[in-house]
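> Please see the structure below; I have some questions.
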Amino acid sequence: MAPRANWKGFLRLSLVTCPVALYPATSESEKISFNQLNRQTGHRIKYVKVDAETGDEVTNEDIVKGYELEKGQYIEVSKEELEEIALESTRTIEIDEFVARSDIDPRYLIRPYYIRPDGKVGHDAFAVIRETIREMDKVAIGRVVLTNREHIIALEPMDKGLVGTLLRYPYEVRSETEYFDEIQDVKVTKDMLDLARHIVNQKAGRFEPERFEDHYETALIELINEKRAGKVIRPKERPKGENVVDLMEALRRSVGKEAGKETGKEAAPAKAGKPAKKPRKAAAGQKEMLMPIAGKKQPKEAAVKKPAAGARRKSA
């Protein structure tokens, strides 16, 4: 079953309208998560909402929104007042314009959602809108209200559905000049660029996300399994960074290193050290890497069966 829809309403292109549902395209729920505990008792920490002045606990029914005018002075805004200014985009994604994908600065991208027809009606209208966007090779720009705020959304066809990516407003994007102004103007020689291009060509490939592994998640799983098995955890020696003194020499050595990877005979490092571990191939569904404690058998079904989509892993 698909996860619960974050939003339901209508998708409209001029006079063509269809009911749609919007679902999150990504999830963080499968990552290892921790609870906060009282070190003395081992009990979970509980958070309560309290009055900042009296310290008394306040129920959700007695909590209202307020905008701070100045220190300690607020304007209260009720739920009913917020509903009064509800926009049309609360219930409808209105397509306003079509732009080239290359026109969208990646800094404006927030997160993706899947959009599909809601119910048994409107599939024809949905297909017309989807195929129009596909045929024009454009991105449709509309507006949608999520969590009581209006967002810009960019719509693109994907298979039989649409992917809608929320976009930031200009005031949410910081100017790069305040960060880049102090970068020195450096003259890069042709020889350096040639060597760097050679390294890039040696590393060229296709973007295949299934090949990537979340190494930190894997390390967390190993740590938890070791502690569960009663092993003593000892700090590992961290690799020391080296200052690059001769940039040209570093580039030449990099070229040799990448060439060595292709032939299986990697160039010897400048200083003798422990051989680097080969990166482990990421298995499909990284959440399944949790290994049983040594000495305990695990049913075969549990080893191959994937958890249901969206299921939260409670512990290691």
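> What FRET efficiency do you get for Ser27 and Glu76 if R0 is 35 Å and r is their Cβ-Cβ distance, rounded to the nearest 0.05?
On the way: r = 36 Å, r/R0 = 1.02.
In this case the efficiency is close to 0.45.
> Would you kindly find the accessible area of Lys138, with a 1.4 Å probe and non-protein molecules such as ligands, DNA and RNA excluded, rounding to the nearest 10 Å²?
80
> Within 14 Å, Cβ to Cβ, of Glu57, how many net charges do the neighbouring residues add up to if Lys/Arg are +1 and Asp/Glu are -1?
On the way: positive: Lys46, Lys49; negative: Asp51, Glu53, Asp56, Glu61, Asp62.
Net charge in that neighbourhood comes out at -3.
> Next question, about the same structure. With every protein chain left in place, what is the accessible area of Arg228 in Å² (1.4 Å probe, nearest 10)?
We get 120 Å² for Arg228.
> Just by accessible area at a 1.4 angstrom probe, what is the order of Phe10, Phe180 from largest to smallest?
Working: Phe10 80, Phe180 120 Å².
Solvent-accessible surface, decreasing: Phe180, Phe10.
> Using the basic label-point model (7 angstrom from Cα toward the beta carbon), what is the His43 to Glu222 distance in nanometres?
Computed distance between label sites His43 and Glu222 equals 3.7 nm.
> On to the next question. Through the Karplus equation 6.51 cos²θ - 1.76 cosθ + 1.60, θ set to phi - 60°, convert the phi angles of the range 224-238 into ³J(HN,Hα) values in whole Hz; use x for Gly and Pro.
Result, rounded to whole Hz: 5, 5, 5, 5, 5, 7, x, 7, 7, 8, 10, x, 8, 6, 8.
> Also, I was wondering about something else. When Lys and Arg each count +1 and Asp and Glu each count -1, what net charge do the other residues less than 12 Å away from Glu156, Cβ to Cβ, add up to?
Neighbourhood net charge equals +2.
> Protein chains only, probe 1.4 Å: how do Asp185, Asp105, Asp191, Asp159 rank by accessible area, largest first?
Numbers: Asp185 155, Asp105 50, Asp191 95, Asp159 120 Å².
Order by accessible area, largest first: Asp185, Asp159, Asp191, Asp105.
> Would any residue of the range 72-98 have its amide N under 17 Å from a label point 7 Å out along Cα→Cβ of Tyr108? List them or say none.
Zone members listed by number: 94-98.
> Please give the solvent-accessible surface of Ser254 in Å², to the nearest 10, using a probe radius of 1.4 Å with every protein chain present.
Spelled out: Ser254, probe radius 1.4 Å, area about 40 Å².
> Give, in nm to one decimal, the length gained when the segment between Val50 and Glu208 is fully stretched (0.36 nm per residue of separation minus the Cα-Cα distance). Present the calculation step by step, with values, prior to reporting the outcome.
On the way: separation 158, 0.36 × 158 = 56.88 nm, distance 4.83 nm.
Gain on extension, Val50 to Glu208, equals 52.0 nm.
The values are calculated or read from the model by the stated rules, or taken from the named source; none is laboratory data. Everything numeric in this text was worked out from a predicted model, so none of it was measured. Every residue, glycine among them, receives a Cβ derived from its backbone with ideal geometry; neighbour counts consider all protein chains shown. What goes into the accessible areas is simple: the full protein's heavy atoms, side chains included, and nothing from ligands, DNA or RNA. Shrake-Rupley method; radii C 1.70, N 1.55, O 1.52, S 1.80 Å.
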